[in-house]
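Working notes for the structure below.
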Amino acid sequence: MITLTINAQPYRVEAEPDTPLLFVLRDSLGLTGTKYGCGIGQCGACTVLLDGQAARSCQIPLESVGDQAVTTIEAIEQDPVGARVVAAWVGIEVPQCGYCQSGQVLAATSLLKQTPKPSEDDIAGAMTNLCRCGTYNAIAAAVRQAAA
């Protein structure tokens, strides 16, 4: 049994230590807002926050989470910065298909928690998740709005 803190709640999970965090979130705990995309940490659909830092959960073995707090899209609006990001996403109508958007929102929240007034270079450097619909301009606009 491994104990994790996810969305400010303790969870005891029974899984192999090398199981990716993504699969524990989705399959064991039913937190399906975090998406499986590529499985190799490139696309960012599986992004969660570990102690406020954006991380690709498909590449994080369960045993390496330790006592870090995990935040998923299901609880991001409980964070004031996350709530601003979601409001900007909704206000600008960023999503098209929406598949990547939970990871995008988590990446934007992480950026704004670290850099409350990001430059265009900061936004470009932090928002590396892939969007097959090409909503990158809307994503950047939402990040700028959430930072204002």
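The values are calculated or read from the model by the stated rules, or taken from the named source; none is laboratory data. These numbers were taken from a predicted model, which means no experiment stands behind them. No Cβ is skipped: glycine too gets one built from the backbone with ideal geometry, and neighbour counts run over all protein chains shown. Keep in mind that these areas ignore ligands, DNA and RNA; they rest on the heavy atoms of the full protein, side chains included. Shrake-Rupley method; radii C 1.70, N 1.55, O 1.52, S 1.80 Å.
Residue selection: G103 satisfies the criterion of being part of a helix (DSSP H, G or I), crowded, with 19+ Cβ neighbours inside 10 Å and either modelled with pLDDT under 95 or of a type outside the set (A, V, I, L, M, F, W, C) (or both).
Right, V90: over 14 Å from L22 (Cβ atoms), outside any strand (DSSP E or B), of a type in the set (V, I, T) and open to solvent by less than 10 Å² (accessible area, probe 1.4 Å) or not?
Values: over 14 Å from L22 (Cβ atoms): yes; outside any strand (DSSP E or B): yes; of a type in the set (V, I, T): yes; open to solvent by less than 10 Å² (accessible area, probe 1.4 Å): no.
So V90 fails the test.
The condition of being in contact with a helix residue (DSSP H, G or I) (Cβ under 7 Å, 6 or more places away or on another chain) and surrounded by fewer than 20 Cβ atoms within 10 Å (Cβ to Cβ) holds for only one of D121, D79, that being D79. On the stretch given as the range 24-53, residues that are open to solvent by 10 Å² or more (accessible area, probe 1.4 Å), touching a residue at least 24 places away in the same chain (Cβ under 8 Å) and over 19 Å from N129 (Cα atoms) total 1. Considering P20, P10, the condition of being over 20 Å from K113 (Cα atoms), outside the structural domain of T109 (by TED's automatic domain parsing) and open to solvent by less than 70 Å² (accessible area, probe 1.4 Å) is satisfied by P20 alone.
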